[in-house]
Amino acid sequence: MHKSKLAGFIIDCRTDDLPAAADFWSGALGMPVRELPGSEGDSYRALHDAHLGLDIEVQKVAHPSRVHLDIETNDIEAEVRRLERLGAKKVQQIKTWWVMEAPSGQQFCVVRASSPRFEELATEWSSA
């Protein structure tokens, strides 16, 4: 048995000015920018979602700008297998997470659970 749920959305921005991109999305979404510590702050800025508790981040990328979602789970490998049974494909493992592609072509990530209410809100899946 494992659990998973929508973690949030990552706004991928092909830009040399991450702070300006984060400021735009902060203003557009009404969410204050929060800088992230260490080297993570070189590529990401968090937007604080006080209403739904979703993880919304602005990410500096080399590929074309897009938005992707993250699915958080307490068992990454079990969740990847579940999604593969639904038709998703593995694209690339990065650090501790997997980039996957839906049958319709959208890429998304499967990441470790980190939201404060994960245990309460996540769906429990049986491992088949």
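The values are calculated or read from the model by the stated rules, or taken from the named source; none is laboratory data. Because the structure is a prediction, the values reported are computed rather than measured. Heads up, the Cβs are rebuilt from the backbone with ideal geometry, glycines too, and the neighbour counts pull from every protein chain shown. To get the accessible areas, we keep the full protein, side chains included, count just its heavy atoms, and leave off ligands, DNA and RNA. Shrake-Rupley method; radii C 1.70, N 1.55, O 1.52, S 1.80 Å.
Assorted remarks:
- Charge dipole of the chain (Cα centre as origin; +1 on each Lys and Arg Cβ, -1 on each Asp and Glu Cβ, all else neutral): 400 debye, rounded to the nearest 20.
- Within the straight-line cut-off of under 15 Å between alpha carbons, the aspartates and glutamates reachable from residue 60 are 12, 16, 17, 23, 35, 40, 42, sequence neighbours fewer than 8 places apart in one chain being disregarded.
- Segment 1-66: relative contact order in percent, alpha carbon pairs under 8 Å with at least 6 residues between: 44 percent
- Relative contact order %, the chain, counting alpha carbon pairs below 8 Å whose residues are six or more apart: 32 percent
- Residue order for 57, 119, 35 - accessible surface, 1.4 angstrom probe, largest first: 35, 119, 57
- log10 of Debye I(q)/I(0), alpha-carbon scatterers only, for segment 57-128 at 0.22, 0.23, 0.25 Å⁻¹: -1.08, -1.16, -1.29
- Two-decimal ratio, segment 1-118, of alpha-carbon radius of gyration to 2.2 N^0.38 Å: 1.08
- Amide H to amide H, with H built 1.01 Å from N, residue 12 comes under 5 Å of 59, 66, 67, 68, counting only residues 5 or more places away or on other chains.
- Residue-averaged [θ]222 nm for the chain, counting only DSSP H segments that reach four residues, each worth -39500 (n - 2.57): -6000 deg cm²/dmol
- Backbone HN-Hα couplings from phi across segment 89-99 [Karplus 6.51/-1.76/1.60, Hz, Gly and Pro as x]: 10, 6, 10, 6, 8, 10, 6, 9, 10, 10, 8
- For residue 55, residues with placed amide H under 5 Å, excluding near neighbours: 8, 9
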